[in-house]
1. Give me D for the chain in µm² s⁻¹, whole number, from Stokes-Einstein with Rh from the Kirkwood sum over alpha-carbon pairs, 10 °C and 1.306 mPa s.
2. State the percent of C-alpha pairs, over all pairs in segment 472-578, separated by a distance greater than 17 angstrom.
3. Between Gly575 and residues 5 or more places away or on another chain, which pairs have amide H atoms under 5 Å apart, with H built 1.01 Å from N, and which residues are they?
4. Can you give the angle from 0 to 90° between the axis of helix 57-72 and the longest principal axis of the chain, with both taken from C-alpha atoms, to the nearest 10?
5. Considering the dipole of segment 1-180 built from charges on the beta carbon (Lys and Arg +1, Asp and Glu -1) around the Cα centre, which of Ser38, Val96, Cys56 is farthest to its positive end?
6. Hey, what do the phi angles of segment 88-100 turn into as Karplus ³J(HN,Hα) couplings, whole Hz, using 6.51/-1.76/1.60 and θ = phi - 60°, x for Gly and Pro?
7. Can you say what percent of the DSSP beta bridges in the chain, counting only those with both residues inside, are antiparallel? Round to 5.
8. Of all GluC sites (Glu not before Pro) in segment 422-513, which ones are in loop regions per DSSP and have a Cβ with at most 11 other Cβ atoms within 10 Å?
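What follows is calculated from the coordinates using simple rules that are stated; it is not laboratory data. Source: prediction; values computed, not measured. FYI the Cβ positions are ideal-geometry reconstructions off the backbone, even for glycines, and counts take in every protein chain you see.
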Amino acid sequence: MAAAAVWLALLMAKRARVRAPELVGRGGWLNTGGAELSLAALRGRVVILDFWTFCCINCLHVLDELRELEEKHRDTVVVVGVHSPKFVHEAEHAAVVDAVERYGVHHPVLDDPELATWKQYAVRAWPTLVVIDPEGYVVAQHAGEGHVHAIERLVAELEAEHAEKGTLRRGDGPYVPPEPVATHLRFPGKALRLPSGNLLVSDTTRHRLVELAPDGETVVRTIGTGERGFADGAAPRFNEPQGLALLPPGAVAGLGQEAGPVAVADTVNHAVRAVDLATGSVTTLAGTGRQWWQGSPTSGPGREVDLSSPWDVAWFDGRLWIAMAGVHQLWTYDPETGAVRAAAGTTNEGLLDGPADEAWFAQPSGLAAAAGRLWIADSETSALRWLEPGGSPERAPRVHTAVGTGLFDFGHRDGPAGEALLQHPLGVTALPDGSVAVSDTYNHALRRYDPATGEVTTLATDLREPSDAVVDGDEIVVVESARHRLTRLRLPEEAVRVPPVAHRTQRAATDVAPGNLSLDVVFRPPPGQKLDTRYGPATRLLVSATPPSLLAAGEGQGTDLTREVTLSPDGPAEGVLHVSAMAASCDDDPSVEYPACHVHQQDWGVPIRVTESGTKRLPLILAGLDEGA
């Protein structure tokens, strides 16, 4: 049996304390000053392994959740990021270096492009957190978001226990910050052409907006202090801002009565802000600064409703549309009423067309309005989607897919839209001829889709992580995020010929036996908490498959975290099980009038292979250690 399988079997059976496998990865270490780290060298510290990949919005949420814990326990806790790529581009070492700086990762990171450590720890999902005690034993595993409060309580217990045993070692951690680099922009996200002809750019990693002259290089002014934060007024603070949209004059009372204000997707603040171009003053339109969780309101006064990682904004059909990447939905903001609401998507992650309130998205990250359609760059499905607004009770809004097939297929292939492939696009731009340009981010290319012909072509290559583009006359200005600049190109008359490349996400398949398969999502409430059943069931489980013919029974939604599914006897021998789980917990102390409550959630895509010698049980750890056999 492979080492990883032995480790997982021991962990599941709870027959012994399990020594944490060593950390290995061909890509080497970042944020250590060139030093190689080992668990043996970290003995005496509480180690938290964060298995992440930089395309994953849930992983980015966990990075932000960990910041306070890292600071509070910096002399006893060492967080180690284990970068485990999904897309081909994410396996490039230079791309991981960029991502570590882009997202402000201030702890050591192991670049593991071949998923060696991922396999050793039998990880099944991004993100996954593993806690290792000061003696080098695994004590907890959590998949998904919302677990840091439980981990912090565990850390406090481990500190007390190992201080008493004499096995706790305090001191500075191994993190060594990289040298700063002087550039006008640092990982810019989106751009907007202003009525003056200047260009406004979200300078994402520096938490500000930069207005540039038409040459795209000369700095006219900056908006924002450049420090991570959430503050309105004349000295505003942003937190990794992304999308920008010009609103009609007078759309927001008191702002931009002549030129119109600019809406800003302030991503990590989970907010939408507005900038008065005349003064540079900033006002919050929507969001509270808190992240939206399942069960939170999906409509109401903008400043009273939580949002989740808004990545782009666009004015369409008389409202501001918001690409809510964090919950795989589109929301709207109505400036007349100041209200927000969820307008498309169910929060399930995937690619499903149809009525807007039934559609599935996967991290929508780019928006553009053109010719009665709202175009959407749906990044995790490597897809170009579009929404038609409807307009009457008989004709509801609908979602369609132009390019893309789902979460696992991607590449660089031109031709008929049904055969074309993209790789994690972050931006979409309406072109003067009615076609759209796609910032095909992980292919380092600018692509074009023509609705009239249904063809996909390549406009430009050799860009570096393009994340957006704006039209300026007969030219297009591309945001080259990883080159920290804007690049001006003439719109070509002929397409660039690129050899076709197709990929599929590569993860080891789990062998399962034919017939019935028991899906067990393991959830243990954190110490001192219990399942929150005050308003109904505390758990939710949603199961589907790709292809759908993989399952004969068991798909759909329920409230039990255990589900028996039946594999189709005449179905395919391989496929992917999609499992989405949520659990809510609250403090278990009846004397507390207002208990602290938390939501834990995760989506898994588990490749399986049907074979007679396969397992009849598939455990997925949401929180805790599996005691089943």
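1. On the way: Rh = 25.2 Å.
Once the numbers are plugged in, D ends up at 63 µm²/s.
2. Above the 17 Å cut-off, segment 472-578 has 72 percent of its Cα pairs.
3. Here the answer is Ile608, since their amide H atoms fall under 5 Å of that of Gly575.
4. Tilt relative to the chain: about 70 degrees.
5. The Cα lying farthest towards the positive end belongs to Ser38.
6. With the stated coefficients, segment 88-100 comes to 4, 4, 6, 7, 7, 4, 4, 5, 5, 4, 4, 5, 4 Hz.
7. Working: 150 of 173 bridges.
In the chain, DSSP labels about 85 percent of beta bridges as antiparallel.
8. Working: sites: Glu455, Glu475, Glu480, Glu493, Glu494; in loops: Glu493, Glu494.
Here the sparse-neighbourhood loop sites are Glu493, Glu494.
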